[in-house]
Amino acid sequence: MKRFLSLLLALMMVLSLVPSAMGESVEDALAAAAKMTNEELYEKAKEEMSAGAQLNFYSTTSFAEKAANNFMAAYPELKLVYAEIDDVETYNILTKTIGSGVKDSADMALTQNGPDLKTYLLDEGLAHVYFPEAMKDVVAADAQDPAIVTYINSLLIYHNGNGSANVTNIWQLTEEEWKDKVFFKNPTNETVNINFLIMLTSPEWNAKLEEAYASRYGKAWEKGEFDSCALEFIDGFLANVNYTYTSASKMAAGIASGAPGNMGLFVFSKLRKVDEADRGNLTILQFENKVEGFSGFMYPIYATVFKDTECPYTCALFINYLLSEEGFAGNKSWNSSQGYYSPNKSILKPEDLEDEPYEYWLDCLVFEDMEYIDEKFIEVYEFIATRVG
């Protein structure tokens with residue numbers, strides 16, 4: 001009997017250790033991972049793979065697939081499975097699958113549209129933020145929570161077949177001359193576009209639009225039909241917009257091969273989709289002359305880890321990799337293209353690209369502010385939606 005009790009007690013002690021070893025929460029694992037070296041994370045990640053896990057991740061940017069392939073070459077015992085997800089469907093799909101037990105659902109994702117990320121995933125506890133302590137000195141604090149792995153810009157780009165577009169002030173695009181010649185994806189179907197327009201109503205950008213208005217028309221903007229200068233600009237701009245193209249790739253190719261003089265506001269990196277024979281037809285407006293007001297907008301891609309992942313340490317190592325020069329500037333990855341910018345300040349754009357570093361764009365592009373958009377979305381969205389047509 002004594003022997004039985006001793007064995008039972010020993011068994012209970014062993015079992016009492018299992019929940020802490022097997023039941024470590026994702027949040028606790030990520031907190032521990034943030035303090036680890038990549039070598040330590042690799043060992044933990046291999047344990048996750050040995051237990052049957054694989055890292056399934058979604059991304060709204062296709063370059064993530066190339067980064068994943070480079071990652072697996074660097075860490076050959078780890079398996080990543082990539083799936084591209086459409087921006088419009090992102091949070092609808094994720095809110096339905098995270099924690100649902102669906103086989104091979106995503107462990108993490110690289111997503112745009114910070115306000116929806118906050119509302120639908122972070123505030124609901126479906127996703128967790130992760131950022132490595134070792135990189136806090138090379139990445140700005142506002143890019144750490146949640147972690148930003150790249151910035152992407154959309155720029156005003158035009159067909160130069162008629163010579164210079166002679167646009168030096170953003171208010172010109174609200175004038176009759178540009179009716180149906182400004183191409184832009186429908187903002188009610190493209191969240192980064194709606195976020196850009198909402199940001200124009202912020203105090204900072206409203207003031208800049210007032211300055212550009214005074215410069216263009218020789219008088220101060222005055223309140224009349226519209227409550228703010230930004231709303232008047234949005235009204236005039238959307239009245240001129242042509243919504244023919246439903247994707248940035250099609251817009252880039254269509255403007256390059258289309259009528260001279262047309263202007264598009266689309267993702268800069270999509271120039272890689274333009275036929276080489278047509279590429280010379282396109283001019284980046286900001287590179288021709290500084291535009292009063294703005295010449296485009298910039299938005300971030302966030303990395304978050306989901307609450308039901310079986311491989312939090314692998315997710316952490318992958319995020320570390322994306323933030324590193326090896327990951328961001330690897331073979332055929334983000335840094336090989338125009339229009340992608342790492343938050344890691346030590347990573348520079350290649351000199352042979354027709355591009356400028358991240359810092360260059362700070363004064364001429366509209367940047368997302370997650371909190372402001374979240375606060376003003378409903379108020380401004382209706383104004384915009386009624387003008388899209």
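The stretch 273-312 and the stretch 105-132 have Cα centres separated by 21 Å. Charge tally for residue 346 (other residues, Cβ to Cβ under 10 Å; Lys, Arg +1; Asp, Glu -1): -1.
If only the Cβ of Lys and Arg carry +1 and only the Cβ of Asp and Glu carry -1, the dipole of the stretch 115-238 around its Cα centre is close to 360 debye.
Bridgeable aspartates and glutamates around residue 332 (alpha carbons under 20 Å apart, same-chain partners fewer than 8 residues away excluded): 65, 84, 275, 276, 351, 352, 354, 355, 356. When peptides 148-157, 291-300 are ranked by their average number of other Cβ atoms within 10 Å per residue, the highest-first order is 148-157, 291-300. Please tell me which of these pairs span more than 19 angstrom C-alpha to C-alpha: 118/250; 223/290; 179/273; 66/250; 46/79; 66/136? With Cα atoms farther than 19 Å apart: 118/250; 223/290; 179/273; 66/250; 66/136. Only Cα pairs under 8 Å and 6+ residues apart enter the sum, and on that basis the relative contact order of the chain stands at 27 percent. Annotation note: trypsin sites (Lys or Arg not before Pro) in the stretch 332-389 located in DSSP loop regions with a Cβ neighbour count of at most 15 within 10 Å are 332, 345.
Can you find, among 193, 287, 80, the residue sitting farthest towards the positive end of the charge dipole of the chain, where Lys and Arg contribute +1 and Asp and Glu -1 at Cβ? Going by the charge dipole, the pick is 80. Taken over the stretch 299-342, the percentage of Cα pairs per 10 Å bin, counting from 0 up to the bin with the maximum distance, is 26, 46, 25, 4. Taking other residues whose beta carbon is less than 10 angstrom from the beta carbon of residue 172, and scoring Lys, Arg as +1 and Asp, Glu as -1, yields -2. Principal axis extents of the C-alpha atoms in the chain (largest first, rounded to whole Å): 98, 45, 36.
Each DSSP beta bridge with both residues in the chain is either parallel or antiparallel, and the antiparallel ones are about 65%. Filter the trypsin sites (Lys or Arg not before Pro) in the stretch 220-307 down to the DSSP loop ones having no more than 15 other Cβ atoms within 10 Å, then list what survives. Answer in residue order: 223, 290. Nearest 10 degrees is fine. How inclined is helix 63-74 to the longest principal axis of the chain, computing both from alpha carbons? Long axis of 63-74 versus the principal axis of the chain: about 30 degrees. Pairs of Cα atoms nearer than 8 Å and 6+ residues apart set the relative contact order; for the stretch 84-222 it is 19 percent. The charge dipole of the chain, taken about its Cα centre with unit charges on the Cβ of Lys, Arg, Asp and Glu (plus for the first two, minus for the last two), comes to roughly 920 debye. Counting Lys and Arg as +1 and Asp and Glu as -1 over every other residue whose Cβ lies under 12 Å from the Cβ of residue 88, the net charge comes to -4. Helical content alone sets the calculated 222 nm signal of the chain at -11500 deg cm²/dmol, taking -39,500 (n - 2.57) per DSSP H segment of four or more residues and averaging over every residue.
Each reported figure results from applying straightforward, stated rules to the coordinates on display, with no laboratory input. The shown structure was predicted, so the numbers you read here are calculated from the model rather than taken from an experiment. We place every Cβ from the backbone using ideal geometry, glycine too, and count neighbours over all the protein chains shown.
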